[in-house]
Every structure is written in C-alpha cells, then in structure tokens.
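Asker: Dropping a structure here in structure tokens format, bear with me for questions.
The values are calculated or read from the model by the stated rules, or taken from the named source; none is laboratory data. Given the structure is predicted, the values throughout are model-derived calculations rather than measurements. Every residue, glycine as well, gets a Cβ built from its backbone with ideal geometry; the counts of neighbours run over all protein chains shown. Only protein heavy atoms, including side chains, enter the accessible area calculation; ligands, DNA and RNA are left aside. Shrake-Rupley method; radii C 1.70, N 1.55, O 1.52, S 1.80 Å.
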Amino acid sequence: MTARRVAYVLVALVLLYVAFIGWRGVVLIADGRPAFVLLGLGVLLLPVVGVVLVWRELRLGFVAQELGRVLEAEGGLPSDPLPRRPSGRADLAAADVVFDRRRAEVEAAPDDWRAWYRLAVAYGDAGDTRRGREALRQAITRYRATP
C-alpha cells in the first residue's frame, strides 16, 4: 500500500471518529445536566483537535510533495543509494555519513530551501522523523520566502 493510500485510509478513519465522537458529544449536551453538558463540550473539543492535527500533517505532506517535484525538475533530488537492512530501513552508519554531508550543506547555505529539504530526507534515512519534520518545515519556510 502506498503512503498516499495509507493517508486516505487514515483520513477516512479520522472522519469516522469525528462523526462518532461528535454525535456522542451532542447527545451528552442534549441531556441538559450541567456535568453532562460540560463533558459533551469536552468531547466535542477532541475531534476539533484531531482534525486540526490531521490537516496540519496533510498540508505538510502536500507542500513537501511540491518541493520534491521542484527539486526533481531541477535534478536536485538527493540520490544517495544507502545500503538497507533486512527490515528495509537504511543502514544507520551509512545514513550518518550522508547526514553529516547534508548538515554541512545547510551550514554552508542556511537560507537554501533545497539544502534543508535534503537534510530532512537525511534525517528520515537516519530514523529521526521529529527532526526531519522540523527540517522540512524550515525548507518550506525558506521556499515560500524565495521570489
């Protein structure tokens, strides 16, 4: 299953969750007792937070895909063939070597969104998704700032 299909399935599940939990919140509020009304309002807040978080991640994915297309058209996508472990993940020692090179590129050109994008890919290969997302956000910020 591709990442896009997984995203569609997860979005559908979140929408189902929102509908179910939202209905339960409405039922609690309709009860009329103050404790149930407050609980119902709290329950209605959960789907709102869930939808905001899912939307934020989807937007990050869409913009990252756009940046990837631009880099591909320029011939600037990272092409570091890393050896893979039996699980399919990149070998960490090899990923660290590439990561050091990508970090040096960012230090040399901190305003270049392309360097930040490649650093985000290197973080992903090294297994550090939290920092990879932050580097990707930096790439997006710099991409939007370029004329």
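Asker: How do the pairs read when you match residues in the range 2-13 that are closer than 12 Å to residue 57 by Cβ with residues anywhere that are modelled with pLDDT under 85 and surrounded by 10 or more Cβ atoms within 10 Å (Cβ to Cβ), using Cβ under 9 Å and keeping only pairs 6 or more apart or on different chains?
Answerer: 10/54; 11/54
Residue by residue, here is whether (1) assigned to a helix (DSSP H, G or I); (2) touching a residue at least 60 places away in the same chain (Cβ under 8 Å); (3) open to solvent by 70 Å² or more (accessible area, probe 1.4 Å); (4) among the aromatic types (Phe, Trp, Tyr) holds:
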{"position": "19", "(1), (2), (3), (4)": "yes, no, no, no"}
{"position": "22", "(1), (2), (3), (4)": "yes, no, no, no"}
{"position": "45", "(1), (2), (3), (4)": "yes, no, yes, no"}
{"position": "51", "(1), (2), (3), (4)": "yes, no, no, no"}
{"position": "59", "(1), (2), (3), (4)": "yes, no, yes, no"}
{"position": "67", "(1), (2), (3), (4)": "yes, yes, no, no"}
{"position": "79", "(1), (2), (3), (4)": "no, no, yes, no"}
{"position": "87", "(1), (2), (3), (4)": "no, no, yes, no"}
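Asker: Output the residues belonging to the range 122-147 that are modelled with pLDDT under 90 and either among the acidic types (Asp, Glu) or buried (at least 16 other Cβ atoms within 10 Å of the Cβ) (or both).
Answerer: 122, 123, 124, 125, 126, 128
Asker: Using the structure shown, decide if residue 50 is under 21 Å from residue 145 (Cβ atoms), modelled with pLDDT under 90 and in contact with a helix residue (DSSP H, G or I) (Cβ under 7 Å, 6 or more places away or on another chain). Steps first, please.
Answerer: Values: under 21 Å from residue 145 (Cβ atoms): no; modelled with pLDDT under 90: yes; in contact with a helix residue (DSSP H, G or I) (Cβ under 7 Å, 6 or more places away or on another chain): yes.
Taking the combined requirement at face value, the residue does not satisfy it.
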